[in-house]
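The values are calculated or read from the model by the stated rules, or taken from the named source; none is laboratory data. The structure presented is a predicted model; accordingly, all values stated were derived computationally and were not measured. Here the Cβ positions follow ideal geometry from the backbone for every residue, glycine too, while neighbour counts run over all protein chains shown.
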Amino acid sequence: MNRILALLFIVLVSAVPAGAAARLVSGVSNDTIQITSSFDGERLTFYGTIAPEAGSEQRYVEGPFDVVIVVLGPTQDRVAREKTHNFGIWLNTEQVEFKRFPSYFHVLSSRRLLEIADINLLNRNFILPEAHAMMPNIAGFMKTLVFGRELIRLMSEQGLFGVQENGVRFHSDTFYSAQLTLPSSAPPGPYIAQTYVFQNGEIIARKSEGFAVRKIAFERFLAQSATQYPLLYGIACVVLALFTGWLGGVLFRR
Amino acid sequence: MQIYLPIAELSVNLFFLVGIGGAVGFLSGLFGVGGGFLLTPLLIFSGVPTSVAVASVTGQVVAASTSGALSHYRRGGIDLHLAMYLILSGILGAFGGVATFSVLRAAGQLDLFIAVGFVVLLGFVGILMLQEAVRALLKSRQGIVVRERLPNQHSWIHGLPWRVRFKKSRLYISVLPVLAIGLFIGFVGSLLGIGGGFVMVPALVYLLRVPGNMVIGTSLAQVVAMMAATTIMHAVQSQSVDILLAFCLMVGGTAGAQFGAAAGQHLRGEQLRGLLALLVLAVAIRFGLSLVLTPDDVFSMAVTSAVR
């Protein structure tokens, strides 16, 4: 009995290293982002504080901490294509498809990512953009590597992928905030913001928040009709066109 | 002022859209063409996805051609019998075009085929038109009065079977070339997002010898009906018709077309045709360069499934 208790004690102590008994209390400014006809991107604020584990004896936590926030958009199948010069013209010849690739991916951190933690730990938790392109792919390892890197570059140029290594600001030892501007090209769907708290290169707390980017009102109505009642939608387009054309003729008849 | 396009899923400046709609509408009113061959490339070059650009412009072409078709109808300038044959074969061709469109989009070759299609079609038509216009201009310089002559000698086309009498056009010709023209224009028009008026008009004049007072009206009626069918097909098949984008273009286009038509009365016919030829060639060359020159970025990406 004593031996079991002793073992249990050792397990508990090793599982909770000193100073690591922390939890994250966090929030995000918007839980839905509404796409209206004048939608031109939206600013989000993430904030939180690092507190002692609930029910623990500790009154305060000891820093320094690092915070990394990973914002992940809905996934899509995406292809990266390469043009080559054939018969005097440039045409797409090679392509690699990436299944379930994030349509949006931004990392905000309080310090350089590689100073915060080891690259393997970052990759394992999909904190680096490259991790998303390194999934096993039928195209083979080398091709996946090359096309994956190019896909991430293209996504970054469109503002859909990005890393801001000074994106998280600490206002005190334990309170942080971060701002992210979601571009108008960010696709609608469910988003997840994963917040990681690092200390001495290890993750000591994590929490995820969800928010949604949604078309509302008229935009939602149009997009839904286009996919759910394509025939009616098409007919409506034609009627609108005929009417506009007719009206134009009537208004400007000389 | 930015406006969010729900199908293209991007926000574009409203004044830019109405502006290019208006500018293209002006040119289409000036030259009496639908303007799809200018609008589709302009949208593609300004960042609208190719599939959305092509599908939405078909809607705009319907609007642009409607007022013209109506006024020709009131003047009795439409041979409905002939138009019916062209429309039915055109819709059949459009089915083929829309199906090819989806296949090419999935294979990642849509942009290539649209570029090649524009180069070949516009290059060919542009050179023919330019030749004709330059010849007419030179002759009028020399003081020779060029009459609008309709060549009335019969060619091999008139020897084909299944002849039908088209009363209004005073034609007794085989339906085969009529159906072939409709099929071709339906296919190309739905694939490239153009009405095909600038192909239809010369085809009616030179191949079928349709009289001048029937050509424009019949061609416009065919464009309206065929592009209306194509818009519905694109909406069902690829779901890439952006009604908001199309509407912005329509508003600019119908207004611009009226000013273009007014301006066109100050220019002579061969001058207009020469200018149109240059415009058509310029678009062909722009697409040709995009195929031949080394692209800024040899890599590109595309989404192959919906968001989930």
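If you go through the stretch A:55-62 one residue at a time, do you hit one that is polar (S, T, N, Q), surrounded by 17 or more Cβ atoms within 10 Å (Cβ to Cβ) and either more than 14 Å from chain B (Cβ to nearest Cβ) or over 30 Å from B:GLY288 (Cα atoms) (or both)?
No, the stretch A:55-62 contains no residue that is polar (S, T, N, Q), surrounded by 17 or more Cβ atoms within 10 Å (Cβ to Cβ) and either more than 14 Å from chain B (Cβ to nearest Cβ) or over 30 Å from B:GLY288 (Cα atoms) (or both).
Looking at (1) more than 8 Å from chain B (Cβ to nearest Cβ); (2) free of Cβ contacts under 8 Å to residues at least 40 places away in the same chain, which is the only condition A:ALA186 fails?
Condition not satisfied by A:ALA186: (2).
Taking A:GLY201, is it touching a strand residue (DSSP E or B) at 6+ places or on another chain (Cβ under 6 Å) and exposed (fewer than 14 other Cβ atoms within 10 Å of the Cβ)?
No; evaluated as a whole, the condition is false for this residue.
Output the helices (runs of 4 or more DSSP H) that fall wholly within the stretch A:113-165 and possess 3 or more residues being surrounded by fewer than 18 Cβ atoms within 10 Å (Cβ to Cβ) and without any contact (Cβ under 8 Å) to a residue 40 or more places away in the chain, or say none.
A:119-124, A:141-157
Would you say A:VAL96 is touching a residue at least 24 places away in the same chain (Cβ under 8 Å) and within 14 Å of chain B (Cβ to nearest Cβ)?
yes
Scan B:ALA228, B:ALA277 and give me the residue that is away from every other protein chain (no Cβ under 14 Å) and in a helix (DSSP H, G or I).
It is B:ALA277.
Could you list, in sequence order, all residues of the stretch A:123-151 that are over 28 Å from A:GLU165 (Cβ atoms) and of a type in the set (Phe, Trp, Tyr)?
Scanning the stretch A:123-151 gives a single hit, A:PHE141.
Return yes or no: is A:SER109 of a type in the set (Gly, Ala, Ser) and in contact with a Lys or Arg (Cβ under 9 Å, 6 or more places away or on another chain)?
The answer is no for A:SER109.
Going through the stretch A:194-218 one residue at a time, which ones are within 14 Å of chain B (Cβ to nearest Cβ) and outside any helix (DSSP H, G or I)?
Within the stretch A:194-218, A:ALA212, A:VAL213, A:ARG214, A:LYS215, A:ILE216 meet the criteria.
For A:THR181, state whether it is within 7 Å of chain B (Cβ to nearest Cβ) and not hydrophobic (A, V, I, L, M, F, W, C).
no
Give me the residue from the stretch B:295-305 that is assigned to a loop (DSSP other than H, G, I, E, B) and within 7 Å of chain A (Cβ to nearest Cβ) and, out of that set, modelled with the lowest pLDDT.
B:SER305
Out of (1) under 22 Å from the mean Cα position of the chain (by Cα); (2) more than 30 Å from A:ILE127 (Cβ to Cβ), the odd one out for A:LYS215 is which?
Going through (1) under 22 Å from the mean Cα position of the chain (by Cα); (2) more than 30 Å from A:ILE127 (Cβ to Cβ) one by one, A:LYS215 breaks only (2).
In this structure, is B:VAL54 facing another protein chain (nearest Cβ under 8 Å) and among the hydrophobic types (A, V, I, L, M, F, W, C)?
No, not satisfied.
Can you tell me which residues in the stretch B:73-87 are buried (at least 18 other Cβ atoms within 10 Å of the Cβ) and either within 11 Å of chain A (Cβ to nearest Cβ) or within 18 Å of the chain's Cα centre (by Cα) (or both)?
B:ALA83, B:LEU86, B:ILE87
Here is a list of conditions, (1) touching a helix residue (DSSP H, G or I) at 6+ places or on another chain (Cβ under 6 Å); (2) aliphatic (A, V, I, L, M); (3) not in a helix (DSSP H, G or I), and B:ALA246 meets all of them except one; can you say which number that is?
Of (1) touching a helix residue (DSSP H, G or I) at 6+ places or on another chain (Cβ under 6 Å); (2) aliphatic (A, V, I, L, M); (3) not in a helix (DSSP H, G or I), only one is false for B:ALA246: (3).
Residues checked against (1) facing chain A (nearest Cβ under 7 Å); (2) surrounded by 15 or more Cβ atoms within 10 Å (Cβ to Cβ); (3) at pLDDT below 80:
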{"residue": "B:GLY212", "(1), (2), (3)": "no, no, yes"}
{"residue": "B:GLY217", "(1), (2), (3)": "no, yes, no"}
{"residue": "B:ALA221", "(1), (2), (3)": "no, yes, no"}
{"residue": "B:MET233", "(1), (2), (3)": "no, yes, no"}
{"residue": "B:CYS248", "(1), (2), (3)": "no, yes, no"}
{"residue": "B:THR254", "(1), (2), (3)": "yes, yes, no"}
{"residue": "B:PHE259", "(1), (2), (3)": "no, yes, no"}
{"residue": "B:ALA284", "(1), (2), (3)": "no, yes, no"}
{"residue": "B:LEU293", "(1), (2), (3)": "no, no, yes"}
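Hey, could you check the stretch A:219-235 for residues that are more than 7 Å from chain B (Cβ to nearest Cβ) and assigned to a helix (DSSP H, G or I) and say which is farthest from B:ILE232 (Cα to Cα)?
Step by step, filter the stretch A:219-235, then rank; the result is A:ARG220.
Run A:ALA217 past the list (1) closer than 30 Å to A:TYR47 by Cα; (2) modelled with pLDDT of 85 or more and report the number of the one that doesn't hold.
That leaves (2) as the condition not met.
If only one of B:LEU70, B:LEU5 is within 20 Å of B:PHE101 (Cβ to Cβ) and in contact with a helix residue (DSSP H, G or I) (Cβ under 6 Å, 6 or more places away or on another chain), which one is it?
Going through B:LEU70, B:LEU5 in turn, the sole match is B:LEU5.
Which of the residues that make up the stretch A:166-193 are within 22 Å of A:ALA131 (Cα to Cα) and in a strand (DSSP E or B)?
A:VAL168, A:LEU180, A:LEU182, A:GLY189, A:PRO190, A:TYR191, A:ILE192, A:ALA193
Only one of B:GLY34, B:GLY68 is under 16 Å from B:ILE185 (Cβ atoms) and within 13 Å of chain A (Cβ to nearest Cβ); which?
B:GLY34
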